[in-house]
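Each reported figure results from applying straightforward, stated rules to the coordinates on display, with no laboratory input. Owing to the predicted nature of the structure, the values given are computational and were not obtained by experimental measurement. Cβ placement follows ideal geometry from the backbone for every residue including glycine, while neighbour counts extend to all protein chains displayed.
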Amino acid sequence: MEELKPPTERRASFGQTIKAVMWSFFGVRKKSEYEKDAAQLNPVHVLIAGLIGAAIFIATLLTIVHFVVAK
C-alpha cells in the first residue's frame, strides 16, 4: 500500500494571504510568486480572505451605483 506524504507546513500569515488574494482579484501574478503562495498559504485563510474581498468588492459597487443613480 502507498504511504501517505507528511503534511506540508503552512507558514504564511493571514496578512500575506490577503495580499495574495487581492493580487488574484487584480489578475496579475508572477508564476514564481504563485508557486510560492501555493506552497505556503493556508487554504482556510484563502477562503476567508476571498469571501471578505468579494464582500468588499460588492459593497463598493453597490455604493458607487447608489451615488450615481441618486444624482
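At 7 Å along the Cα-to-beta-carbon direction for both A38 and K71, put a label point, then send me their distance in nm to one decimal.
For A38 paired with K71, the spin-label model returns 4.4 nm.
Quick one: putting +1 on the C-beta of Lys and Arg, -1 on the C-beta of Asp and Glu, what dipole do you get for the chain around its Cα centre, in Debye to the nearest 20?
360 debye
Per DSSP helix of 4 or more residues, -39500 (n - 2.57); summed, then divided by the residues of the chain. What does that give at 222 nm, rounded to the nearest 500?
My calculation for the chain gives -24000 deg cm²/dmol from helical runs alone.
With unit charges on the beta carbons (Lys and Arg positive, Asp and Glu negative) and the dipole taken about the Cα centre of the chain, which residue among P43, S13, H66 sits farthest to the positive side?
H66
So which DSSP H runs in the chain come out at 24 Å plus along the axis (Cα) with average Kyte-Doolittle of at least 1.0?
Helices meeting the criterion: 43-70.
Normalising by the residue count of the chain, find the relative contact order in percent from Cα pairs under 8 Å and 6+ residues apart.
With pairs under 8 Å counted, the relative contact order is 40 percent.
Let me make sure I get this right: for segment 20-71, a, b and c are the square roots of the gyration tensor eigenvalues over alpha carbons, sorted descending. Under 1.5 in a/c it's rounded, otherwise prolate if a/b > b/c, else oblate. Which is it?
Oblate is the answer for segment 20-71, as a/c is 1.5 or above yet b/c matches or exceeds a/b.
For the chain, what is the number of Lys pairs with C-alpha distance below 23 angstrom, counting only pairs 8 or more positions apart or on separate chains?
4
How far apart, in nm, are the 7 Å Cα→Cβ label points at I56 and M22?
In this crude label model, I56 to M22 measures out at 0.5 nm.
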